[in-house]
Amino acid sequence: MSFKNMFKHRGKFTKMVGEERIRNYQHVYEHLVAEIENGNLPKHENYLNHNELAESIYQKKYYLRDHEGKHIEHSPEDVFVRIASFVAAQETSKIKQTQWAEHFYRDLYNGHWIAGGRVL
């Protein structure tokens, strides 16, 4: 199951934030994925540089899992896309949403914001 399939699930989170915000989130998420695939946003072949401790921490704490417990995120950039998309989706226009998503993604990628447990 890919992260994109998770947008189809409707649970407590959808009820809390509403359908419109979920659609905005999905739109921004897909925009960032396309920008990375097109080479307009950075993605490193091995962002964690084979650091076993960092890889273990990301796998245990940060990579999202599906309902069966399987990882659906496999790189820090996947996490950055998820976080940047959700934060930027709160903006009032599509243009601002995509602009801020790209800005947030670059900031996360460049280490300007660092995860610290459950908070950034």
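Since every read-out is calculated from the coordinates, none of them should be taken as a lab result. The shown structure was predicted, so the numbers you read here are calculated from the model rather than taken from an experiment. Cβ coordinates were reconstructed from backbone atoms using ideal geometry, including for glycine residues, and neighbour counts include every protein chain displayed.
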- Work out the FRET efficiency for Asp107 and Asn5 from their Cβ-Cβ distance, taking R0 = 22 Å, and round it to the nearest 0.05. 0.20
- Query: aspartates and glutamates within cross-link reach of Lys61: Cα-Cα under 12 Å, excluding same-chain residues under 8 positions apart?
  - Reply: Glu73
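Using Cβ contacts closer than 10 Å as the measure, can you line up Arg82, Arg106 from fewest to most?
Working: Arg82 21, Arg106 14.
The most exposed by this proxy come first: Arg106, Arg82.
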- Taking the Cα centre of the chain as origin, sum charge times position over the Cβ atoms of Lys and Arg (+1) and Asp and Glu (-1), and report the length of that vector in debye to the nearest 20. 600 debye
- Task: Filter the chymotrypsin sites (Phe, Trp or Tyr not before Pro) in segment 1-73 to those in DSSP coil with at most 14 other Cβ atoms within 10 Å of their Cβ, and list the result.
- Result: none
- Message: Give me the base-10 log of I(q)/I(0) for the chain at each q in 0.13, 0.14 Å⁻¹, Debye formula, one uniform scatterer per Cα, rounded to two decimals.
- Response: -0.52, -0.60
